[in-house]
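Nothing in this text is a laboratory measurement; each read-out follows from the coordinates by a stated rule. As the structure is a prediction and not an experimental result, all values here were calculated from the model. A quick note on method: Cβ atoms are made from the backbone with ideal geometry, for glycine too, and the neighbour counts reach across all protein chains shown.
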Amino acid sequence: MLYISFGLIFAPVVFHYAVGLNSVCSFRIMALPGVKKDGREVKIYENADELSTDLADYVAELSEASVKERGVFAVALSGGSLISLMSKLCEAPYSKTVDWAKWYIFWADERVVAKNHADSNYKLAKDGLLSKVPFVPSHVHSINDTVSAEKAAEDYEFVIRQLVRTRVISVSDISDCPKFDLILLGMGPDGHVASLFPNHPVLEEKEEWVTFITDSPKPPPERITFTLPVINSASNVAVIVTGSSKAETVHLVIDDVEPDKPSLPAKMVQPTKGNLVWFLDKEAASKLDGSKFSQ
Ligand SMILES: O=C1O[C@H](COP(=O)(O)O)[C@@H](O)[C@H](O)[C@H]1O
């Protein structure tokens, strides 16, 4: 099996670097990105399949740790390419070893369409994930799809507030925000995460946990989304990005190009106390500074 993976942990004083190669690997790492100051981890895989395998492992490990510590695992999904990249979680050994009954599922963003609509993030997850392993139906918290975007956001925040009250979702010790055990994000080529789009006023939202937009530049226009304070209060945030169409944006975000320019939403994902891991395939990572692959 062709395999290359390297993990880079960026921290003010610690620089950890590991390379895993097997005998038939055909890629070489020519240089390394420099030390960063924000404590994030960047993992780069030879292809989406390798990424998917490690992502399943990462999620399963967090689930086990959270269930052990809190008795539950509160995880927020996104839509888009993420769900197919999570498919290995529904296969052996995880299908049998993960304690699915302890999972509480939420969406970091949702399109305000019917649950059976092709654009629904819920439908995507139901078809690709929820229908394949034994989740408890009452633990799956999707939006109210029969009301306006504004009301759907309000209702969703209310549901989350109830679950924070009963500690199904933890609470941040530095803000009153919910502290999800894991928030899984994708990133669009424009740098959007969840339904937080570049230059949109909701990037400034500090009070609401869940907000809405009716002018999404990517269809459909009406969406609800977690706000940045909620994303940045999570215990763990993973941003999963594949494909060359996102390489330039990955470079702008991870290499912190033009730090003075208005931030891309993905760049604003900086958990205050939690862990941030970027999962990239080599196409998405191809424009990172100092990270070059050759055949
Ligand atoms: O519209 C959305 O797009 C992003 C990115 O999707 P991807 O297919 O490019 O990975 C996704 O994370 C978000 O949940 C979704 O609503």
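Summary of values
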quantity	calculated
Gain on full stretching of the segment that runs from residue 70 to residue 272 - 0.36 nm per residue minus C-alpha separation	70.7 nm
Computed label-point distance, nm, for sites residue 204 and residue 256 using a 7 Å Cα→Cβ extension	2.5 nm
In region 164-260, GluC sites (Glu not before Pro) in a DSSP loop with at most 14 other beta-carbon atoms within 10 Å	207
Net charge dipole size for the chain [Lys, Arg +1 and Asp, Glu -1 on Cβ; Debye, nearest 20]	560 debye
Cross-link pairs beyond the 19 Å C-alpha cut-off, checked among 123/282; 102/126; 115/267	123/282; 115/267
Theoretical gain in end-to-end length, residue 161 to residue 119 [0.36 nm per residue, Cα-Cα removed]	12.5 nm
Other-chain or far-sequence residues with amide H under 5 Å of residue 243's (modelled H)	281, 283, 284
Span-rule helices in the chain, defined as complete DSSP H runs reaching 20 Å or more along the axis (Cα) with Kyte mean at least -0.5	48-70, 149-165
Within the chain, longest stretch free of exposed trypsin sites (Lys or Arg not before Pro) [DSSP loop, at most 16 other beta carbons within 10 Å]	38-114
Average Cα contact separation per residue, the chain, under 8 Å, 6 or more apart, as relative contact order %	21 percent
